[in-house]
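A quick write-up on the structure given underneath.
The values are calculated or read from the model by the stated rules, or taken from the named source; none is laboratory data. What you see is a predicted model, and the numbers here were worked out from it, not measured in a lab. Neighbour counts run over all protein chains shown; Cβ positions are idealised from the backbone, glycine included.
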């Protein structure tokens, strides 16, 4: 896998190339207000570190973290690039509720670029592939995550570790994951919404 290392020249370029913000994290989130406040702080730090560069968010628009970050960047006048892990109709079957499918379609309509990734033998491999693609295309990674090992293969923990291994800036917003075997989100209590910054 290739990750973009970020030098001081990259952080303060003479050109006005955009800074591409990848996102990874949990699908089911509690205490969204705390996470939103931390996300705004994280984006402020990115804007400061990459002065005068337009923001582009790279997000597959899964429920939860993907959409939270995408919307926040769009609200700041940024652009959205959407890699699809599966063909569109198949991917949308993962979003059970009609409201979730409608939110996905609304955000997808705001994308400046949509990339359908190559087919993989299994669904799990498709999601692993899209996580790696996001990382490859990003200058910075925002992770909304509890800091624990993934509940499934190719999850947030692996993506964050690969980013750190390649010295990519990572802004980690602490957030509880779902209870195993359910879609019920949990909170980390006082730690929910705390921001930890690496390599920025």
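The table for this structure:
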quantity: Criterion violated by residue 138 - all others in (1) under 29 Å from residue 51 (Cα atoms); (2) out of contact with any helix residue (DSSP H, G or I) (no Cβ under 9 Å at 6 or more places or on another chain); (3) in a loop (DSSP other than H, G, I, E, B) satisfied; calculated: (2)
quantity: Unique match (being out of contact with any helix residue (DSSP H, G or I) (no Cβ under 6 Å at 6 or more places or on another chain) and closer than 29 Å to residue 37 by Cβ) among 128, 179, 174; calculated: 179
quantity: Residues (in contact with a strand residue (DSSP E or B) (Cβ under 8 Å, 6 or more places away or on another chain), at pLDDT 95 or above and within 28 Å of residue 94 (Cα to Cα)) located in region 26-54; calculated: 29, 30, 35, 38, 39
quantity: Test: residue in region 119-130 that is assigned to a loop (DSSP other than H, G, I, E, B) and crowded, with 16+ Cβ neighbours inside 10 Å; calculated: no
quantity: Single residue of 20, 11 found to be at pLDDT below 95 and surrounded by 15 or more Cβ atoms within 10 Å (Cβ to Cβ); calculated: 11
quantity: All positions within region 167-196 that are closer than 22 Å to residue 46 by Cβ, under 17 Å from the mean Cα position of the chain (by Cα) and surrounded by 15 or more Cβ atoms within 10 Å (Cβ to Cβ); calculated: 168, 169, 170, 171, 172, 173, 174, 175, 193, 195
quantity: Within region 58-116, helices (runs of 4 or more DSSP H) holding 3 or more residues that are surrounded by fewer than 21 Cβ atoms within 10 Å (Cβ to Cβ), within 14 Å of the chain's Cα centre (by Cα) and touching a residue at least 60 places away in the same chain (Cβ under 8 Å); calculated: none
quantity: Within region 30-55, tally of residues that are crowded, with 21+ Cβ neighbours inside 10 Å and not in a helix (DSSP H, G or I); calculated: 2
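To keep it simple, each residue is scored yes or no on (1) touching a strand residue (DSSP E or B) at 6+ places or on another chain (Cβ under 9 Å); (2) at pLDDT below 95; (3) at positive phi.
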{"site": "150", "(1), (2), (3)": "no, yes, no"}
{"site": "157", "(1), (2), (3)": "yes, yes, no"}
{"site": "169", "(1), (2), (3)": "yes, no, no"}
{"site": "174", "(1), (2), (3)": "yes, no, no"}
{"site": "179", "(1), (2), (3)": "yes, yes, no"}
{"site": "184", "(1), (2), (3)": "yes, yes, no"}
{"site": "192", "(1), (2), (3)": "yes, no, no"}
